[in-house]
Amino acid sequence: MDTHKKPEPLDLGPACQETARVVGGVAEEQLSGVTPCPAYAVREVLAHLMGLTVGFRDAARKKLGPTTDTAPGSAPLVLDEDWRETLPRRLDELAAAWRSPAAWDGETRIGGVDLPGAVTGLVALNEVLIHGWDLARSTGQPYAPAEAGLRASYGMLSQAGPGASDVFGPPVPTAEDAALLDRVIGLSGRRPDWRPGA
């Protein structure tokens, strides 16, 4: 068995497309609504996605600099006025950047932390997938990410080591026979049955 086999690129396109669809369904009056992230309203989740799509895109391209060196939470989240046009485009660019096999090879940097490209790609997928769910739940939209992305996210979250709860929050237990999406959401520290006001 070849233990040095290069990681197979995972297509982030389906997750990015599903999240872009949800973004397109966010109404202006919903921007101040609550989300499963207690510190974030809908507008802050959108602003977070605006930033992370650029950071992870540049990490895939190994274009290291301010977008990959800045730690999360180091600046206030302010939503750009053109987010409706810009965020879907950035999601497309993110998916395209991670379709390159070179993105998954070697080392890169995100949030000021050096990581293997293969790990960074999975984190990018997880961020898009989980925050897409956050937005869908917050705005009352359906959400159906592709199974391949869910399986990759579940594998990453279920193997997260000590300190993961600092990023994702303590896992929320789910039934062994729960839907894969619910298990992923539970591992991310969210209640799969979360609804605004519930």
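Scanning the range 84-99 for residues that are in contact with a helix residue (DSSP H, G or I) (Cβ under 7 Å, 6 or more places away or on another chain) and in contact (Cβ under 8 Å) with a residue 60 or more places away in the chain returns Leu87, Pro88, Leu91, Asp92, Leu94, Ala95, Trp98.
Count of the range 160-177 residues, restricted to those that are at pLDDT 55 or above and on the phi > 0 side of the Ramachandran plot, is 1. Scanning for something part of a helix (DSSP H, G or I) and either at pLDDT 95 or above or surrounded by fewer than 16 Cβ atoms within 10 Å (Cβ to Cβ) (or both), does the range 139-146 turn up at least one residue? The answer is yes, given that some residue of the range 139-146 is part of a helix (DSSP H, G or I) and either at pLDDT 95 or above or surrounded by fewer than 16 Cβ atoms within 10 Å (Cβ to Cβ) (or both).
To keep it simple, each residue is scored yes or no on (1) farther than 23 Å from Gly155 by Cα; (2) outside any helix (DSSP H, G or I); (3) at pLDDT below 95; (4) out of contact with any His (no Cβ under 8 Å at 6 or more places or on another chain).
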position	(1), (2), (3), (4)
Gly73	yes, yes, yes, yes
Leu79	yes, yes, no, yes
Thr86	yes, no, no, yes
Asp92	yes, no, no, yes
Ala96	no, no, no, yes
Ala103	no, no, no, yes
Thr108	no, yes, no, yes
Val128	no, no, no, yes
His131	no, no, no, no
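Restricted to the range 87-102, and to residues there that are under 26 Å from Gly24 (Cβ atoms) and of a type in the set (A, V, I, L, M, F, W, C), the residue that is surrounded by the fewest Cβ atoms within 10 Å (Cβ to Cβ) is Ala96.
The combined condition, being at pLDDT below 95, surrounded by 15 or more Cβ atoms within 10 Å (Cβ to Cβ) and hydroxyl-bearing (Ser, Thr, Tyr), is not fulfilled by Thr3.
Beta carbons closer than 7 Å, at least 6 apart along the sequence or on distinct chains, pair a first residue in the range 59-80 that is over 24 Å from Arg43 (Cβ atoms) with a second that is of a type in the set (S, T, N, Q) and part of a helix (DSSP H, G or I) for Ala59/Thr68; Ala59/Thr120. Give all pairs with beta carbons closer than 7 Å in which a residue from the range 29-40 that is in a loop (DSSP other than H, G, I, E, B) meets a residue that is charged (D, E, K, R); count only pairs at least 6 apart in sequence or on separate chains. The qualifying pairs are Leu31/Arg43; Ser32/Arg43; Thr35/Asp134; Pro36/Asp134; Pro36/Arg137; Pro36/Arg190; Cys37/Asp134.
If the condition is being touching a Cys at 6+ places or on another chain (Cβ under 9 Å) and aliphatic (A, V, I, L, M), then the range 72-95 contributes Leu91, Leu94, Ala95.
The values are calculated or read from the model by the stated rules, or taken from the named source; none is laboratory data. Keep in mind that what you see is a predicted model, and the values were worked out from it rather than measured. So basically every Cβ, Gly included, is an ideal-geometry build from the backbone, and we count neighbours across all protein chains shown.
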